Amino acid sequence: MAVRISGSLFSSLLFQLKGSSGDAEGFLLGGVRSHSVADITDSQAHSVREEKNTCIQSFVCLDEKYSFYDNCGVPDMKKVVQLLGRKQEELVGWLSFRRSSTHRVSFREKTIHGKLMDKFEHISANDFLLALVTEQPLQQTLALSTEYSFYHTTGRSPKVMSCEVVTLLPSSLLPYQPSPLTSLPQTVSSYSKVLEEHKPSFLARNGCVSATGSVDRLYEAALSQLSVCEGLVCALV
């Protein structure tokens, strides 16, 4: 069993989550598709296997925590009905977005997931998804690392599912492949000093970009440090 989502829809989901004021949650809409695949090999003339995929076709984002459940993780079905309306029939799971957090399913998320499955008994436990998206700043850089995983429940513990972003298939052409993220080495003390000095100005504690205009001041400070280093080098020469 696997999860399938289009690249445009997935990018829209990430864009809306990253634009939220903090942690966010929501619902995943779509359907479960199953089909039979016939395999023919040299050792076996014919074999048929069934493949089942959960296709995500839409989503509903909620820009706050505890928007459809109480402190114990019990869903308020009146709020759920109000948020989804007729789209309840298309519900295939829910999502949780956390900033500055490790990529691990929390006990609260396990509880909410189990309570939701109890409320939507017509959905199989293997077909009901939990999408976990986490974001945290990378050390010594201004970049943000985003991780995502899809889970379904088998027994008491969530199990990771494979995910296929349909329009992001690997390319055989090297120029179209993204280059790896590179950064200055940690031994560059001037860069680290300037970065740590100005980092609180445009990155909030929750990891949100609060003031992109501060990048100009960082640039000016970096040029100032570069000028000092240039003077030292010229003095040595």
Worksheet item: Tell me, what is the 1.4 Å probe accessible area of R108, in Å² to the nearest 10?
Response: 70 Å²
Fill in: Within the accessible area of segment 60-151 (1.4 Å probe), percent carbon and sulfur
47 percent
Discussion item. What FRET efficiency comes out for E164 versus D76 if R0 is 41 angstrom and r is the Cβ-Cβ distance? Round to the nearest 0.05.
Written reply: 0.75
Fill in: Paramagnetic reach from L83 in segment 6-26 [backbone N under 11 Å; point 7 Å along Cα→Cβ]
24-26
Item to complete: Kindly flag which residue pairs out of K52/K115; K18/K115; K87/K119; K78/K110 have an alpha-carbon separation exceeding 19 Å in this structure.
Response: K52/K115; K18/K115; K78/K110
Discussion item. To the nearest 20 Debye, how big is the dipole of segment 79-150 about its Cα centre, given +1 on the beta carbon of each Lys and Arg and -1 on that of each Asp and Glu?
Written reply: 300 debye
Worksheet item: Can you give the accessible area per residue of segment 45-103, in Å², using a 1.4 Å probe?
Response: 57 Å²
Worksheet, complete the sentence: Sorted by accessible surface (1.4 Å probe, heavy atoms of the protein chains only), largest first, V80, V48, V166 come out as V48, V166, V80
Fill in: Set of aspartates and glutamates near K65 by C-alpha distance (under 14 Å), chain-local residues within fewer than 8 positions excluded
D23, E25, D76, E109
Practice prompt. Please go through segment 116-164 and write out the trypsin sites (Lys or Arg not before Pro) that DSSP classes as loop and that have at most 15 other C-beta atoms within 10 Å.
Written response: R156
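The values are calculated or read from the model by the stated rules, or taken from the named source; none is laboratory data. It should be emphasised that the depicted structure is a prediction, and the values quoted were computed from it without experimental measurement. Here Cβ is always computed from backbone atoms with ideal geometry, including for glycine, and neighbour counts include all displayed protein chains. When the accessible area is computed, the model is the full protein with side chains, heavy atoms only, and any ligands, DNA or RNA have been set aside. Shrake-Rupley method; radii C 1.70, N 1.55, O 1.52, S 1.80 Å.
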